[in-house]
Amino acid sequence: MMIAASLVGTILIFYASKWVYAHYQKIWLSPLLICPLILVVVLLATHTSYAQYNSGADLLSKLLGPATVAFAVPMYKNYDLLKKNALAIFASLLIGCAVAIISSLVFALLAGLNNEMVNSLVPRSITTPIAMDISNLIGGEPTMTAVFVIVTGLTGSIVGPLVIRIFRFRRAASKGLLLGMGAHGCGTSKAFEFGELEGTFSSLAMIVAALVSIVLSETFFPYLSKILLS
Amino acid sequence: MLKVLQKALQIIVQIIFIWGFLLIGTWLSAALHIQIPGSIIGLLLLFICLKAHIIKLAWVDAGASFLTGELLLFFVPAAVGVIQYDEIFGIIGIKLIVVIVLGTVVVMASTGVVAERFAKGDVAK
C-alpha cells in the first residue's frame, strides 16, 4: 500500500509541479524544488519516515541508470556537431573540472568547514555514483557527497539560466556544456528545456566531466589539497 | 485509446531494452574492476551499437526520449532524502549552501567562457 502510495503520489505531485512551472515560468518554481518540498511536508504531516517513503519511490531513482544510458541516443543523432566541437568540449570541461576542485577547496576553507566536509564537497558537480566513488577515494564521506550532489543539481538548475543570461552566452554548446558540467543530470534536464542541441552537449558534458574528474582527483587534487590543507 | 496504450507499451519495452545495456555495463564494470560506473559503460555500448548499425534508432528512440525527457522526476526521491541529514540545517548548513552556490556559479561561468571561445557550427541565436 505504502509502496504504491509513495510512487503514485510522487508522480502526481511532480506533474502538478511541472504544470505550475510551465504556467508561471518562474525560476524558483522549478519542479525539482517545489515537488520535493511538498513531499517533505506530506511526510512530516503524516509521520512517514524517509525509509517508508523510499520503499516505493526508489523505483524512480533506479530509472536514473537507464536514463543515463539513454543519453547515447541524442549523442548519436548529433554526433557530427559534437565531433566538430571536440576542442570546445574538452577545453571547457577540463577547466570546469579544475575550477570545481579549486573552488570547493578555497570556498570551503574560507567558510571554515572541516577537512572531511571539504573532501565530500569536491566531487559534488558530477553524477552521483562517480561522485561517491571519488569522495571515498579522496577521504570524503560518500553519503554526504550524495546529498551535496543533489543540492548542487538543484542549485545549478536555478542559477544556470542566470549565468547564461548574465554572461550572454549565445551558443548551444556553451549553454549545454556549462549546465552539464555544473549540475550533472539536473543541469542536463534544464538544458533540454533550452533545446535538443543544448541537451545533447549537456549530456556529453556530464559524462566527460565525470571521467575527467576521476583523473584529476588522482593527480591534481592531492597536490592542491597538500598545499591548501597543510 | 488503443494508440495511447500502444505507445505506452512501446516505451516500456524500449526502457527494458535500454536497461539491458545498463546491466551489461554494470557487469563489465565489476568484472573488469574499472572505476567507471555501469551506466556510463552502458551508454558507450549503446552508442557504439547505434553507430555500427547493430541496433536501429527506432528500437530505442521512444524509450530514450521518455527517459531523458522525464529525468527530473528520477531525482525527486534523492532530493526528498536530504531531510535525513541534520548537517544540512543550522549554521554549517548555511555555509555549505553558500559554498555550493558560489562554487556552482564559478564552475558554470568558467566552463561557459571557455566553451563560447572555442565552440563552432551551431546557430548563434
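Please treat every number below as a calculation from the coordinates, not as lab data. What you see is a predicted model; the values in this text were computed from it and never measured. With ideal geometry, Cβ positions are generated from the backbone for all residues, glycine too; neighbour counts draw on all protein chains shown.
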Span from the segment A:69-131 Cα centroid across to the segment B:76-112 one, whole angstrom: 15
Shielding by partners, peptide A:117-125 (average Cβ within 10 angstrom, other chains): 3
log₁₀ of I(q)/I(0) at q = 0.18, 0.26 Å⁻¹ - segment B:85-125, Debye sum with one point per alpha carbon: -0.62, -0.85
Value of Rg to Rh for chain A (Rh from inverse mean 1/r over Cα pairs, i.e. Kirkwood): 0.98
Enclosed volume per residue, in Å³, of the convex hull spanned by Cα atoms of segment A:1-138: 186
Among A:Ala172, A:Leu12, A:Thr219 - extreme Cα towards positive end, dipole of chain A, charges at beta-carbon: A:Ala172
Of the DSSP H helices in chain A, those whose Cα atoms cover at least 15 Å axially and whose Kyte score averages 1.0 or more: A:2-24, A:31-45, A:86-110, A:142-166, A:196-229
Listed residue (B:Gly93, A:Val73, B:Leu45) projecting farthest to the positive dipole end of the protein assembly as shown, Cβ model: A:Val73
Per residue, the convex hull volume that the Cα atoms of segment B:2-74 enclose (Å³): 93
Compactness of chain B as Cα Rg over 2.2 N^0.38 Å, two decimals: 1.46
Hull volume in cubic angstrom per residue (convex hull over the Cα atoms of segment A:116-222): 87
Helix axis angle, B:2-31 relative to chain B longest principal axis, alpha carbon, degrees: 70
Residues B:Ile91, A:Ile166, A:Ile150, B:Ile83, sorted so that the one with the fewest Cβ neighbours within 10 Å comes first: B:Ile91, A:Ile166, B:Ile83, A:Ile150
FRET efficiency for A:Lys226 and A:Arg168, using Cβ-Cβ distance with R0 set to 45 Å, rounded to 0.05: 0.70
Listed residue pairs exceeding 20 Å between alpha carbons, taken from A:Lys175/B:Lys120; A:Lys62/A:Lys83; A:Lys62/B:Lys3: A:Lys62/A:Lys83; A:Lys62/B:Lys3
Cα-based equivalent ellipsoid of segment A:2-62: semi-axis lengths in Å, sorted from largest, via gyration tensor: 22, 12, 9
